[in-house]
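Since the structure comes first, as structure tokens, the remarks are kept for the end.
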Amino acid sequence: MRLFVALWPDAELREVVYDSSRKMMPKKDGWQGRLVDKQNLHVTLAFLGTVSFDRVDCIRAAVENIRWQPFTLQLDQLGYWHRPRVAWFGVTQTPEQLTDMVRQLRQGLLHCDFEPEQRAFHPHLTLARKCRPPRSVDLPVVLAEVLNWDVRNLALVSSVTDPAGVRYEVMDQWGPSDA
Ligand code: 2AM
């Protein structure tokens, strides 16, 4: 199983993000690439890679034990990374609750024998892959309309590759901890 832990948008937010990404990256302006399917949009918190079944309980416990309260993620910029050739919506300011959530998650995953994650966490919602922006666009750009995401759940997700492409299956979801 290929697994990852993610912030998982609800159906309404998916529509908003998808519409906004189409507006922000029009083909007619020279944007190239493949938009991520609407139902696949998410923010990865930890990528676990290929994991054997016997580690799943430990991973579930690591996510379940995170103490967090609801918060709002303000997606307010469109950016691009050259190496992976992905375009994304990101945040100017990472909420402290999210930084703390990822810190707890990384800590918990150490107990499941994952290597410590060396890379800093840059929250982003990947919008397009194999992407190339037009030269005329100076990225990142600030969004005219901020997308407010009221984060209410965390998901353990399995990535399934089938002939139609990549599909993500939510294995489990958790809400905020009790007060
Ligand atoms: P990203 O698109 O948010 O950057 C599921 O495959 C998710 O895990 C992807 O959306 C990707 O996140 C992330 N991912 C895939 N392969 C990865 C890798 N080798 N290292 C880190 N994250 C990866």
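Here, each number is a calculation from the coordinates, and none is a lab measurement. As the structure is a prediction and not an experimental result, all values here were calculated from the model. Virtual Cβ from ideal backbone geometry, glycine too; neighbours counted across all protein chains shown.
If the only charges are +1 at each Lys and Arg Cβ and -1 at each Asp and Glu Cβ, what is the size of the charge dipole of the stretch 2-174 around the Cα centre, to the nearest 20 debye? Using only the charged Cβ atoms, the result is roughly 860 debye. The calculated 222 nm mean residue ellipticity attributable to helices in the chain amounts to -6500 deg cm²/dmol, summing -39500 (n - 2.57) over DSSP H runs of n ≥ 4 and dividing by all residues.
Quick one: helix 96-110 against the long Cα principal axis of the chain, what's the angle to the nearest 10°, folded into 0 to 90? That works out to roughly 50 degrees. The HN-Hα couplings worked out from phi for the stretch 158-164 by the Karplus form 6.51 cos²θ - 1.76 cosθ + 1.60 (θ = phi - 60°) are 10, 9, 10, 9, 10, x, 7 Hz, whole numbers, x standing for Gly and Pro.
For a straight C-alpha distance cut-off of 18 angstrom, the aspartates and glutamates reachable from LYS28 (same-chain residues fewer than eight places away being disregarded) are ASP19, ASP138. For the chain, the convex hull drawn through the C-alpha positions has a volume of 125 cubic angstrom per residue.
Amide hydrogen proximity for VAL91: with H placed 1.01 Å from N in the peptide plane, the residues at 5 or more positions away or on another chain lying under 5 Å are ASP76.
Karplus-derived 3J(HN,Hα) values for the stretch 135-150, using 6.51 cos²θ - 1.76 cosθ + 1.60 with θ = phi - 60°, are 4, 5, 8, 9, 9, x, 10, 7, 6, 5, 10, 5, 9, 8, 10, 7 Hz; glycine and proline are entered as x.
By the beta carbon rule, with partners counted only under 4.7 Å, the chain holds these lone Cys residues: CYS131. Spin-label model, ASP37 to VAL170: label points 7 Å out along the Cα-to-beta-carbon direction sit 1.6 nm apart.
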